[in-house]
Amino acid sequence: MTQAPRPGPPLWLLAELTYRCPLHCVFCFNPVDFAQQDSELDTEDWLRVLREGRALGAVQCGLSGGEPLLRDDLEIIVAEARRLGYYTNLLTSGVGLNAERAAALKAAGLDHVQLSFQDSTREMNDFLSHTKTFELKNRVAKIIKDQGWPMVMNVVIHRLNIDHIDRIIAMAHEMGAEYLELANTQYYSWAFVNRDHLLPTHEQLRHAEEVTDAWRARLGERMRIFFVAPDYHEGRAKKCVNGWGSMFLTVAPDGTALPCHTAKMLPGLEFPNVKAHSLREIWFDSEGFNRYRGTGWMKEPCASCDQREQDLGGCRCQAYLLAQDAAAADPVCAKSPDHQRVVEAVQRAAAREPGDPIEHPLVFRDPANSRRLAL
């Protein structure tokens, strides 16, 4: 295997502070066995991680979960990140963000808040999260504006809400959002469990893109809309987190360092913990971070593909879930020998009529379901 070139610094550090969350979203990217992973780094460990990440060259720090507002030390972590010179981004459901805490986070130096919604109506938002949070999210949106943070809204798009995209964009505009991310579901973790419920049709996606383009033309620079296309429908793989171990470094709640937030699912890989290793050792020297860097690890058809430098083989977790081989070509790629599995999933989505039965009901993210799926 050809040795990958020495990587540059991890520009983005994602601190997953906790897997605890009051929401139960059916598309959550947290591991399906999160209930068996209940240990969390303490404050001092997180502060050391921030210092080591900044020394490596990281410039942006995402504070995520679960719900990061469940950490009582969030303001301390934000303040240290600001002192070190990070640009900080809080990714939140809004639960736990009142005016007082928002003011404290602003004083600590928080730069940016990304607020998630599940849909444009109380009924669907609360159904998809299995919580009564729609009105709370509306209040939090105003709190974010009152603090002068950029209003950034994120909505995960899938079959159950994609036909509401016009109302979703209108809602974001009415709330004064400067940025709206319409992130089509990527099918791993809980979204993979619920794929048959969540996978939209080609026609739904085409219409959603048309509606989004019309809103872009109408609003211009007043609200920037990002439509993250789903790779199941495109026949082309995307770079996994812009390239495995090339830019992103995730630290899970228990301190496990990962090239992407779902990589822990991959068998045969050891990912080091920040309690035992420095971030510098982890980033440059660990087997887990080096395994899929560059192109030297690739098998056919990736090894001889003229797109290998552009897509770097696609998503390793998706390859494992669909082909049972993390080193296989990502099956969303039309050149993959396993692409037919993706084609069949999309065909089933197209053939299913409203009300048609599905083999299993929606599985909401909660500890009981997590323990069951981990068996």
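At-a-glance table
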item: Residue count, the stretch 236-250 (criterion: part of a helix (DSSP H, G or I) and buried (at least 18 other Cβ atoms within 10 Å of the Cβ)); result: 2
item: Where Glu135 falls short, out of the listed (1) under 30 Å from Leu321 (Cα atoms); (2) open to solvent by 50 Å² or more (accessible area, probe 1.4 Å); (3) not small (Gly, Ala, Ser); result: (1)
item: Test: residue in the stretch 280-295 that is more than 30 Å from Asp45 (Cα to Cα), open to solvent by less than 60 Å² (accessible area, probe 1.4 Å) and in contact (Cβ under 8 Å) with a residue 24 or more places away in the chain; result: yes
item: Filter result for the condition that a residue is out of contact with any His (no Cβ under 7 Å at 6 or more places or on another chain), open to solvent by 50 Å² or more (accessible area, probe 1.4 Å) and not in a loop (DSSP other than H, G, I, E, B), over Ala55, Ala35; result: Ala55
item: In the stretch 58-73, the residues that are open to solvent by 20 Å² or more (accessible area, probe 1.4 Å), outside any loop (DSSP other than H, G, I, E, B) and not hydrophobic (A, V, I, L, M, F, W, C); result: Gln60
item: Pick from the stretch 251-266, criterion assigned to a loop (DSSP other than H, G, I, E, B) and among the aliphatic types (A, V, I, L, M), ranking: surrounded by the most Cβ atoms within 10 Å (Cβ to Cβ); result: Ala252
item: Exclusive hit being over 14 Å from the mean Cα position of the chain (by Cα) and without any contact (Cβ under 8 Å) to a residue 12 or more places away in the chain, set Asp72, Asp33, Asp45; result: Asp72
item: Test: residue in the stretch 154-171 that is of a type in the set (Lys, Arg), at pLDDT 95 or above and under 22 Å from the mean Cα position of the chain (by Cα); result: yes
item: Residue within the stretch 359-375 that is in contact with a Ser or Thr (Cβ under 8 Å, 6 or more places away or on another chain) and surrounded by 15 or more Cβ atoms within 10 Å (Cβ to Cβ) present; result: no
item: Qualifying positions in the stretch 169-202 - of a type in the set (S, T, N, Q) and either touching a helix residue (DSSP H, G or I) at 6+ places or on another chain (Cβ under 9 Å) or without any contact (Cβ under 8 Å) to a residue 24 or more places away in the chain (or both); result: Asn184, Thr185, Gln186, Ser189, Thr201
item: Residue within the stretch 314-322 that is touching a helix residue (DSSP H, G or I) at 6+ places or on another chain (Cβ under 8 Å) and either more than 26 Å from Phe289 (Cβ to Cβ) or among the hydroxyl-bearing types (Ser, Thr, Tyr) (or both) present; result: yes
item: Subset of the stretch 304-320 (residues that are open to solvent by 40 Å² or more (accessible area, probe 1.4 Å) and closer than 22 Å to Arg341 by Cα); result: Gln307, Arg308, Tyr320
item: Test: residue in the stretch 210-232 that is touching a Cys at 6+ places or on another chain (Cβ under 8 Å) and either at pLDDT 95 or above or not in a helix (DSSP H, G or I) (or both); result: no
item: Scope the stretch 322-345; condition surrounded by 20 or more Cβ atoms within 10 Å (Cβ to Cβ) and over 18 Å from Glu300 (Cβ atoms); matching residues; result: Val342
item: Cβ pairs under 6 Å, 6+ apart, first in the stretch 309-335 and on the phi > 0 side of the Ramachandran plot, second open to solvent by 10 Å² or more (accessible area, probe 1.4 Å) and among the small types (Gly, Ala, Ser); result: Gly314/Ala237
item: Residue list for the stretch 68-82, restricted to those being within 17 Å of His112 (Cβ to Cβ) and not hydrophobic (A, V, I, L, M, F, W, C); result: Pro68, Glu75, Glu80, Arg82
item: Test result for Asp166, touching a residue at least 40 places away in the same chain (Cβ under 8 Å), within 28 Å of Ala103 (Cα to Cα) and open to solvent by 30 Å² or more (accessible area, probe 1.4 Å); result: no
item: Any helices (runs of 4 or more DSSP H) falling wholly within the stretch 272-365 and containing at least 1 residues that are more than 30 Å from Thr256 (Cα to Cα) and modelled with pLDDT of 95 or more; result: 339-351
item: Qualifying residue in the stretch 203-213 (condition: open to solvent by less than 50 Å² (accessible area, probe 1.4 Å), closer than 30 Å to Leu373 by Cβ, among the hydrophobic types (A, V, I, L, M, F, W, C) and in contact (Cβ under 8 Å) with a residue 60 or more places away in the chain); result: no
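The values are calculated or read from the model by the stated rules, or taken from the named source; none is laboratory data. Note that the coordinates shown come from a computational prediction; the quantities given were computed from them, not determined experimentally. All Cβ positions, glycine included, derive from the backbone under ideal geometry; neighbour counts span all protein chains shown. All accessible areas refer to the heavy atoms of the entire protein, side chains included, with ligands and DNA or RNA removed. Shrake-Rupley method; radii C 1.70, N 1.55, O 1.52, S 1.80 Å.
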